[in-house]
Amino acid sequence: MQELHTLEMDMLNRFRDLTQLIPALLCLLSSTSNAEATKTALPDFTLHGLADFRFQYRDAQPGELENGLGKFRSGGDGSRVGVNEAALTLQSRLGWDWSGTLTAKYANRQVTPLDLSEAFLTYRPVSTSAWHVGARLGMFFPPISLENTGTAWSSPYTLTSSAINAWVGEELRTFGGEAQLSYHTATGDRVKLFATGFANNDTAGALLAWRGWSLHDYESTLNDKLRLPNNVGIQTAFPQQASLSQPFVEVDGRPGYYAGISVERPKAYAFRALYYDNRGKPSALQNGQYAWHTDFWSLGFKADLPWDLTLISQGISGRTRMGDEMHGQFAVDTRFWAASVLLSKAWDTHRFSIRYDRFGTTENDFLPQDRNQEHGYALTANYNLTLAKQHQINLEVTHSHSDRPARLSLGQHSTQEETVWQIAYRLFF
Amino acid sequence: MANRLSTIFLSLCSLTLAVQVAAATLSGTVESEGKALADVVVTATAAAKNLKLPPAKLKSVTLSLDQKSKEFIPHVLPVKTGTAVFFPNSDEIQHHVYSFSPAKRFEIKLYKGTPTKPIVFNQAGVAVLGCNIHDWMLSFVFVTDTPYFAKTDSAGHWSIDLPEGDYQVALWHPNAANPDQLPNENVHIPTQQPLHHVIELKLARQSGKPPATLQLEGYSDGF
């Protein structure tokens, strides 16, 4: 049994290596097809990307970048100007049925300055029947966000992602394979069932439990490390935990899965539901990283309404637990939930968006001194103007109100009001 | 060059058609919510008692359905049954056109600058065309048994040259809110009265055009 476990573990680690090999694989595939390319012009390559310059004015507590419990990625009082993010996405058609996508990005204070945020192959054969099959293989985002539909997972609506999507960007990524089966009706509706097996997502939940929900637009990368809060008892209660959480590692050798349904009609509506379970083994620990057993339900709904209005609502509810089990209780056992409603109005090249987020966590574990419960809400308002399809000016404000008792350990009030004003110029190409 | 030739060819065919069968011109306009509505297909079907009508001697006309800037042009193409439709590719990239509509199921791989065999639409109905590579691309080939049909222009105007007789005039639009209740009426030719119709549209913004920004056009998550 132990041998089997070791073997499985070995295979999963190899899978991680495989993800790193995808860029090389893409190049290899393209070079082997060169002879045919003269006739078919396949594979072809397209390069897209973004550069994102920000001015921020913050009135907020220290965030993830400062090992704090603030609700934004970075806190403090005052302003900051600089490059927020730069990303390049290389897409290649490897044949009529296969394509490859690679996104490499730089972001302010990213641990590995240039790193991959997605690297996957897409299989999508054409179909002349109502049934369509498809697949994704590699490193990609689970299909949860209905807002992050732009270049390098950016959102056309807001700079700051919702609490749910900020967490998806930060701690969730699929390293595995996803199979899709969809039925297209004559009226344009598409019903899709999908199921995915994945690895390398065992620490998902660590930041959500220990730091709590957050509002930002940072997507973790393949070799990323995220900062955990200091001086709130984590290091005392879990001395073996490294000071940085690695979001995309395999700890317990047990693959996870998610499965769901999507019903949509392009430019009309979309509904998505999925159940995710990383099947983490809560007692497993490797290289300072615990496996967190995280499972949740995710629901999303999007509707294109009259007057160029778009409504997007998402909800998530789940549980994450970690550490040894004693008398039916875990060292950390946190239930989490969040919901958001976004209303956006497009008017020619202008777009106005407003989003309301509510979020919370509760805990029921045998280490109450490690306080992980919280609740709060946030409001985000954004105006953007896109010129010549690619130059986008954004004005945005996000205000968060949250209560997290763990802040008392830092000498802060449990309840905090935090605000960030942002002006962004984003270039898409 | 090929495009120009096919345009000239089309013009010649239309001219021939006009000389052969014109007796009277039936025309009309279509609007939706007070605005002119383009891409409405109008068909005139001869009534059964219309015995003095000479049989239409139409050859199948070759039309072209073009791809430019990742968009099907035209968005709506009415053709008579048996018409062969060519699919030239004016883009620098590949397209993979397909239809799973019962009226015509097909797929066609379009390389840059490589001519392909035409697709013959030999069954009446609507073929919804998509591109397997560019999800937003959308076109409708309206295949009809009658040789008398037209499509509204950007001013919502249409006209059909018809021999004398009784006809059933029917309208169709891909984005109609109530496809089963579209205008359908009997008309006697000649008539001096231009027709006017109003069509209510669905809310869906299915334009078949690329997304408005590069932020949205340049990304696909593969889902």
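The numbers here are math on the coordinates, done by the rules we state, and not lab data. Not measured: the values here are computed from a predicted model. Ideal geometry is used to build each Cβ from the backbone, glycine not excepted, and the neighbour counts take in all protein chains shown.
Give the value in nm², to one decimal: projected area of the alpha carbon convex hull of region B:165-223, averaged over all directions. Directional mean of the projected Cα hull area for region B:165-223 stands at 6.9 nm².
What the Cβ-Cβ distance of B:PHE223 and B:HIS157 gives, at R0 = 45 Å and to the nearest 0.05, is a FRET efficiency of 0.60.
Under 1.5 on a/c is rounded, so check that first for region A:292-393, then, if it is not, pick prolate when a/b is larger than b/c and oblate when it is not; a ≥ b ≥ c are the square roots of the alpha carbon gyration tensor eigenvalues.
Working: a/c = 3.50, a/b = 3.00, b/c = 1.16.
Cα axes put region A:292-393 in the prolate bin.
The ranking of A:TRP421, A:TRP292, A:TRP213, A:TRP307 from fewest to most other beta carbons within 10 Å of each one's beta carbon is A:TRP307, A:TRP421, A:TRP213, A:TRP292.
Here the extension length gained between A:THR415 and A:ALA242 equals 59.5 nm, from 0.36 nm per residue of separation less the Cα-Cα distance. Place a label point 7 angstrom from the Cα of A:TYR275 along the Cα-to-Cβ direction, then list the residues of region A:324-339 whose backbone nitrogen is under 20 Å away. Answer for region A:324-339: A:334-338. As a ratio to 2.2 N^0.38 Å, the alpha-carbon radius of gyration computed for region B:112-223 takes the value 1.39.
Reported to the nearest whole Å, the Cα centre-to-centre distance from region B:144-223 to region A:145-165 is 36. Taken along the Cα-to-beta-carbon direction at a fixed 7 Å, the label points for A:LEU193 and B:LYS35 span 4.1 nm.
A:VAL263 to A:ASN67: FRET efficiency via 1/(1 + (r/R0)^6), r the Cβ-Cβ distance, R0 41 Å, to the nearest 0.05?
On the way: r = 42 Å, r/R0 = 1.03.
Efficiency for this residue pair is about 0.45.
For each pair in A:LYS389/B:LYS104; A:LYS105/A:LYS225; A:LYS105/B:LYS109; A:LYS225/A:LYS281; B:LYS70/B:LYS117, compute the distance between the two Cα atoms and list the pairs where it is over 25 Å.
Violating the 25 Å limit, Cα to Cα: A:LYS389/B:LYS104; A:LYS105/B:LYS109.
Per residue of B:208-214, other chain Cβ atoms within 10 Å of the residue Cβ number 6 on average. The label point for B:ASP91 and the one for B:GLN181, both projected 7 Å from the Cα toward the Cβ, are 3.8 nm apart.
The mean count of C-beta atoms from other chains within 10 Å of the C-beta of residues in A:119-126, rounded to a whole number, is 4. What is the diffusion coefficient of the protein assembly as shown in µm²/s, taking the Kirkwood radius over Cα pairs and the Stokes-Einstein relation at 37 °C with a viscosity of 0.692 mPa s? D, rounded to a whole number, is 119 µm²/s. The residues neighbouring A:TYR290, those whose beta-carbon lies less than 12 Å from its own, together hold a net charge of -1 under the Lys/Arg +1, Asp/Glu -1 convention. The HN-Hα couplings worked out from phi for region A:146-161 by the Karplus form 6.51 cos²θ - 1.76 cosθ + 1.60 (θ = phi - 60°) are 9, 9, 8, 10, x, 2, 6, 6, 7, 10, x, 9, 9, 7, 7, 6 Hz, whole numbers, x standing for Gly and Pro.
How do B:SER207, A:SER161, A:SER340 line up, fewest other C-beta atoms within 10 Å first? Please report the intermediate quantities before stating the final value.
Values: B:SER207 12, A:SER161 29, A:SER340 25.
By the 10 Å Cβ count, ascending, the order reads B:SER207, A:SER340, A:SER161.
Using 0.36 nm per residue and subtracting the Cα-Cα separation, the extra length available between A:PHE429 and A:LEU387 on full extension is 13.9 nm.
Just subtract the alpha-carbon distance of A:GLN286 and A:SER129 from 0.36 nm times their residue separation and send over the number in nm, one decimal.
Working: separation 157, 0.36 × 157 = 56.52 nm, distance 4.83 nm.
Contour length minus Cα-Cα distance gives 51.7 nm.
Given a Förster distance of 35 Å, report the FRET efficiency between B:LEU203 and A:ASN230 from their Cβ-Cβ distance, rounded to the nearest 0.05. My answer for the efficiency is 0.10.
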